[in-house]
Amino acid sequence: MSQTLLWGVDWYPEQWEKTLWESDVQRMAAQGFHAVRIMEFAWPILEPKLGTYDFTFFDEVLELLERYNLRAVLGTPTAIMPAWLVDQDPTVLAVHPSRLSRDFGCRRMGCMNAPSYQEAARRLVQAIADHYGNKQVVIGWQIDNEIGHEGSDHCVCDHCRAAWHRWLAERYTTIENLNEKWGTIFWGSTYSRFDQIPLPRQQVATSHNPALLLDYDRFSSDTAVLWAETQVRIIREKALPHQFITTNLYPAPLSQCIDMEDMVRTMDAAGWDNYPVWGNQDESLPYFFTSYVLSYVRGLHPSGTFKVMEEFSGIQGHTQLGHLPPPEQVVLWTNQAIARGANAIFYFRWRTAPFAQEQLCYGIRDTDNVETERERHIIKNIQTLSPVLKTFASEPISARVCLVYDRDSSRLIREQPLSLGMEMRPAPYMQVGYDAELARWFAPYVIYNVTGDIKSTRSVTLENYKLISLPLYELTDEAFVIRLTNWVAQGGHLVLGWRSGSRTRDNWNTDRVLPGLFRELAGVQVRSFEALGKGSVRLSLMDSLIHRLISTFMPCKGEVWADIIETDTAQVIARYHDKRKHYSGKPAITCNKFGAGSVWYLGTSPDATTTFFLYKTILKQAGLEPRFLGLGIEEIKRTSHDGNNVTVLLNHTPKKKRIYGRIIPPWGTIVIEGE
């Protein structure tokens, strides 16, 4: 089955009586679904005891799906483990850095460095691939489930200790080299052997050396990536050509240590779990934040598309619930994901579970199995918009602006958030401050409807873009700075953020005046600064008379951080204008002409008002065409497979809007072809 836009649903037949199966499948097929995701938590069914594999249950499920012309994506069920494996070897259970050992019965309880777990998972995946790899009814594979989520990206058990020491020895070769790179002379923490180096468990007060923490993040990421790649290799040897391989990544994308770009490099596409509201949130995430995460996941894989393996359908939570979005908004999030690059949507879930930890994760249908209002809206959207959405869903997105991030800098900021304004923990295991800041930097492209990519420093092709934003680039790579310098000199436009250039790749403070290697390019010096925490500082825009007047009558503010800038060759765009601050009057934002291009240096994080006025100027100077259609209106330009222009208009507001002479209903979508 070849689909340019795949509609699917996550189905758990093992949680229901067989008497419901056929009516479920019949209804899915009639409603326009093409496929179901199954099996990702079914290890005890497939291997009820060590070495005994039983596929009869899912053979029956697949036969039923095939009878109704539905296809299956199989999840490898290694996010959990059977009780017999824990009985055989209790050390397979992970230990959180808090020293809390995980217990059997929770999700992601296993240590990915535990040999018994690794071997059992390899045997299981091999057996599944041997049995189902040649089945036409199988169109795809999902590796594991949310690898590294819910604090499982870090483990500090004895298996990890041994693997950590091997990883360090391979990276540094000699202990003397490690001591030098880490600066272990500080506080007398010099090591004489690799096996003396501790695991970074949580401490009472002062934390571990930041270099140790950064390397443990890298080590833990490599562990998770190897876990996934091992399964990919096994499946790839047995899978038919039409079967794709992905995994379901999760928000917030940079809130843990795993390099998701590494994770999907051997797969056919990145997969995503799209939850714009979850748990006890009192409102959904801002639409520009969702655009940020969707653009991020699109940029992870060279295909330029991605698959949503879990799309929000009903209100979600594990122990608490919060905001209930209207069903029209649920549909809007689906269309936003497709417009931003998704070519597959699998709704989570078909029907709400009657028992266990996800009783509060509501599906398309509730446990009573009666048609819901959200179901009617979802199915109507599939049946109404599919003909036009599928014309572009698998086509590449053309962008002229790019937000660039550095994975190691994000890891560093997770441990050293710099300012209380970057400290955001919606859960104890999740620090989302870096994501929130990147979303702030991506927001103007969404608000002004300029299609943007998000790429890492190692994968971005600078020549593809007119404008690049580079926030919080602390761990500076000299080779990348040279590339940026040449790109700007040839006409590129760079927006550079505070703290850029402050560290070396080894996480040493630079011995240069800030912004370090960027000083000549930015045309500024930064010799002092302060963290603003949750507060702010008033700004005065200086780039035009009208902006001066606007910032006089309409408060413009900087948030999170304040670099006190001294200009060399740069022009002042905004100054601090706040009588509470001794640096009032000093430059806060500058622009430096460099060759044929320019560099904007943002010494603070502009608030919404400042962002609105500042980026209109930045975008125009870069030769782009900002189009503000109203707050909450998102316009995304796509090209269909036959070369026609397609415009997707999304109304993220509860009021109807008139755009281009057309009325968009509240939370509505309009797709315009050929204009």
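Spin-label model, Glu520 to Thr206: label points 7 Å out along the Cα-to-beta-carbon direction sit 3.9 nm apart. A convex hull fitted to the Cα coordinates of region 263-373 yields 108 cubic angstrom per residue.
Per the Kirkwood formula applied to alpha carbons, region 147-236 shows a radius of gyration over Rh ratio, Rg over Rh, of 1.02. Database remark: amide H of Val495 closer than 5 angstrom to the amide H of Ile468, Ser469, Leu470, Trp600 (H placed geometrically; neighbours at sequence offset of 5 or more, or on other chains; Pro and chain starts carry no H). Take the Kirkwood radius over Cα pairs of region 463-598, plug it into Stokes-Einstein at 4 °C and 1.567 mPa s, and you get 83 µm²/s for translational diffusion. Extension gain, Lys593 to Lys655: 0.36 nm times the residue separation minus the Cα-Cα distance gives 18.0 nm. Computed packing ranks the peptides 70-81, 101-112, 49-60 as 70-81, 101-112, 49-60, most packed first, by mean other Cβ atoms within 10 Å. Under the simplified labelling scheme, the Ala608-Thr567 pair shows an inter-label distance of 3.0 nm, with each label point 7 Å from Cα along Cα→Cβ.
Taking the protein heavy atoms of region 230-291 in the context of the full set of protein chains, the accessible area attributed to carbon and sulfur is 53 percent at 1.4 Å.
Panel note: the C-alpha atoms of region 467-517, placed on their principal axes, show extents of 31, 19, 16 Å (largest first).
What translational D, rounded to a whole number of µm²/s, comes out for region 175-279 from Stokes-Einstein when the hydrodynamic radius is the Kirkwood one over Cα pairs, at 20 °C and 1.002 mPa s?
Once the numbers are plugged in, D ends up at 127 µm²/s.
Model label sites at Asn134 and Ala162, defined 7 Å from Cα along the beta-carbon direction, differ in position by 3.8 nm.
Per residue, region 554-643 exposes an accessible area of 41 Å² to a 1.4 Å probe, with every protein chain left in place. The packing ranking, built from the mean of other Cβ atoms within 10 Å per residue, places the peptides 527-539, 428-440 in the order 428-440, 527-539, highest first. Taking the DSSP bridge list for the chain and keeping only pairs wholly inside it, about 50 percent are antiparallel.
Here region 178-219 has 55 percent of its accessible surface on carbon and sulfur atoms, given a 1.4 Å probe and all protein chains in place. Once the C-beta distance of Gln359 and Glu478 is scaled by a Förster radius of 51 Å, the resulting FRET efficiency is 0.45 to the nearest 0.05.
Per-residue Karplus couplings for region 159-174, computed as 6.51 cos²θ - 1.76 cosθ + 1.60 with θ equal to phi - 60°, are listed in order as 4, 5, 4, 5, 5, 4, 5, 5, 4, 5, 5, 5, 6, 9, 6, 10 Hz, Gly and Pro entered as x. Karplus-based coupling profile of region 447-452, in residue order and whole Hz: 5, 8, 6, 10, 4, x, with θ = phi - 60° in 6.51 cos²θ - 1.76 cosθ + 1.60 and x standing for Gly or Pro. Kindly provide log₁₀ I(q)/I(0) values, in the same order as q = 0.18, 0.20, 0.25, 0.28 Å⁻¹, from the Debye equation applied to equal alpha-carbon scatterers of region 1-60. Debye output, listed in q order: -0.74, -0.86, -1.10, -1.22.
Centre-to-centre separation between the Cα atoms of region 344-379 and those of region 576-633: 44 Å. Summary of packing: across the peptides 146-157, 277-288, 366-377, the per-residue average of other C-beta atoms within 10 Å ranks them, highest first, as 146-157, 277-288, 366-377. Each 10 Å bin from 0 upward holds the following percent of the Cα-Cα pairs of region 59-196: 11, 28, 26, 20, 10, 4, 1. Taking the centroid of alpha carbons for each part, region 464-537 and region 154-222 are 28 Å apart. Calculated accessible area for region 262-413 comes out at 31 Å² per residue, all protein chains present (probe 1.4 Å; ligands, DNA, RNA ignored).
For region 132-138, putting each phi into the Karplus relation 6.51 cos²θ - 1.76 cosθ + 1.60 with θ = phi - 60° gives couplings of 10, x, 9, 8, 5, 5, 8 Hz, in residue order, rounded to whole numbers and with x for Gly and Pro. Assuming R0 = 41 Å, what is the FRET efficiency of Leu420 and Tyr191, from their Cβ-Cβ distance, to the nearest 0.05? That pair, Leu420 with Tyr191, gives E of 0.80. In units of the compact-protein estimate 2.2 N^0.38 Å, region 1-102 shows a Cα radius of gyration of 1.33. Compactness check for region 340-408: Cα Rg over 2.2 N^0.38 Å is 1.60.
For the residue pairs Lys49/Lys307; Lys18/Lys135; Lys534/Lys579; Lys390/Lys637; Lys307/Lys380, the C-alpha atoms sit more than 26 angstrom apart in Lys49/Lys307. Segment Glu180..Asp511, full-extension length gain: 117.5 nm, with 0.36 nm per residue of separation and the alpha-carbon distance subtracted.
Note down the Stokes-Einstein diffusion coefficient of region 562-646 in µm²/s, whole number, using a Kirkwood radius over alpha carbon pairs, 4 °C, and 1.567 mPa s.
Calculated translational D: 84 µm²/s.
Its convex hull of Cα atoms gives the chain a direction-averaged projected area, equal to a quarter of the hull surface, of 30.0 nm². As a test of the formula, what do you get for the chain when each DSSP H run with n ≥ 4 contributes -39,500 (n - 2.57) and the sum is divided by the residue count, at 222 nm and rounded to the nearest 500 deg cm²/dmol? Using -39500 (n - 2.57) per qualifying helix, the result is -9500 deg cm²/dmol.
The values are calculated or read from the model by the stated rules, or taken from the named source; none is laboratory data. Bear in mind that the values here come from a model prediction, so they are computed numbers and not experimental data. Methodologically, a virtual Cβ is constructed for each residue, glycine included, from the backbone with ideal geometry; neighbour enumeration extends over all protein chains shown. For the accessible areas, the whole protein counts, side chains as well, though only heavy atoms, and no ligand, DNA or RNA atoms are used. Shrake-Rupley method; radii C 1.70, N 1.55, O 1.52, S 1.80 Å.
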